[in-house]
1. Spin-label point model (7 Å from Cα, Cβ direction): what's the Leu236 to Ala96 distance in nm?
2. Could you give the nm distance between label points at Leu324 and Ser181, where each point is 7 Å from its Cα heading toward the beta carbon?
3. Using a Förster radius of 56 Å, what is the FRET efficiency between Val229 and Ser52 based on their Cβ-Cβ separation? Nearest 0.05, please.
4. Give a residue-ordered list of calculated ³J(HN,Hα) values for segment 92-109 (Karplus: 6.51 cos²θ - 1.76 cosθ + 1.60, θ = phi - 60°; whole Hz; x for Gly, Pro).
5. Of Lys183, Lys35, which has the most accessible area with a 1.4 Å probe, and how do the rest follow in descending order?
6. Grab the beta carbon distance between Asp72 and Val304, set R0 = 22 Å, and tell me the FRET efficiency rounded to 0.05.
7. Just the accessible area for Phe274, please: 1.4 Å probe, Å², rounded to the nearest 10?
8. Calculate I(q)/I(0) for segment 91-221 by the Debye formula, one identical point scatterer on each C-alpha and no solvent, and give its log10 at q = 0.14, 0.15, 0.17, 0.19 Å⁻¹ to two decimals.
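The values are calculated or read from the model by the stated rules, or taken from the named source; none is laboratory data. Keep in mind that this is a model prediction, so the values were computed, not measured. All Cβ positions, even for glycine, are placed from backbone atoms using ideal geometry, and neighbour counts span all protein chains on display. To get the accessible areas, we keep the full protein, side chains included, count just its heavy atoms, and leave off ligands, DNA and RNA. Shrake-Rupley method; radii C 1.70, N 1.55, O 1.52, S 1.80 Å.
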Amino acid sequence: MKLQQLRYICEVAKHDLNVSATAQSLFTSQPGISKQIRLLEDELGVEVFARSGKHLTRVTQAGEAVLEIASDILRQVEAIKQVAQEYSDEKKGSLAVATTHTQARYALPRVIRDFISDYPDVSLHMHQGTPVQISEMASSGTVDFAIATEALSHFSNLIMMPCYRWNRSIVVPKGHPLAQSGKLTLEQVAKYPIVTYVFGFTGRSKLDDAFQRQGLEPKVVFTAVDSDVIKTYVRLGLGVGIIATMAYEPDADGDLVCLDASHLFEPSTTKIGFRRGTFLRGYMYEFIRTFAPHLDRALVDQAVTCANKSELDELFADIELPDL
């Protein structure tokens, strides 16, 4: 059994059983991959992939178990490389972060700028997606860190740590009736068409919960994953916008009126997390601390020792998070 064979079966699975695409991604030949997979299956005495002629059709039950273990082995191999590199050159390497548009656009620029300044030889890769996609990428080891508000708790193999709290604002064009209303109520907001985030994005669940508790059914006429898109359609008069307060920029959005809505909705908490068993290099600790100053190395190491979400919640229960 060779590491190369394990890498081949994992890559084939990632490419939806397309051996040709796998060969292209690995810069090798399709017959070579097929041969190595066959040799591995012969050695194991089971088929990892079912076939129809020369085509792979599905992962067998035995194959699913083999792939899970193979993926763990390859992650451990990568961890060994990370350990070696940490001791040979502690400021050189790579870091992959998955997050949402709102975090990438409004919360992370300063962090990224400072991190790149301190670690110019670390290659930083940003991936954007839905909260579920972000969690899946971190859970599978595709990225090092996940930063998001929603969905992260559904993955038990992620160590999630709270970074900051944030709330929402209502944005409307100048002259809109709500701009003259003083302290807003949900009843007032519900009278107008609403433009906001797609469900599952950027604390959207807290928004929906607030209306439901008041027995209100908001008329959501347009949703987007991008705060800038939401503001664009508010400018077009499509409806009132409900966005993360951090997404309102006075200089760029001076044509819109930003109304405080923090009293209408429960605050949301953005978290940063990584897969259990991840070897954290020195610059990874520093990235976490730059993003959330209260998450120093000692506290992160404590979080790593927590066996489950309950222990993590208890660890962070007395920490006062900053508001963004």
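1. In this crude spin-label approximation the distance works out to 3.5 nm.
2. Spacing of the two 7 Å Cα→Cβ label points: 2.7 nm.
3. Working: r = 44 Å, r/R0 = 0.78.
So the FRET efficiency works out to roughly 0.80.
4. Running phi through 6.51 cos²θ - 1.76 cosθ + 1.60 with θ = phi - 60° gives 10, x, 9, 9, 10, 10, 10, 7, 8, 4, 4, 5, 5, 7, 10, 9, 9, x Hz.
5. Values: Lys183 155, Lys35 130 Å².
Descending accessible area places them as Lys183, Lys35.
6. Values: r = 17 Å, r/R0 = 0.79.
Step by step, r from the Cβ atoms, then E = 0.80.
7. Surface open to solvent at Phe274 totals about 0 Å².
8. So the normalised log intensities work out to -0.77, -0.84, -0.97, -1.10.
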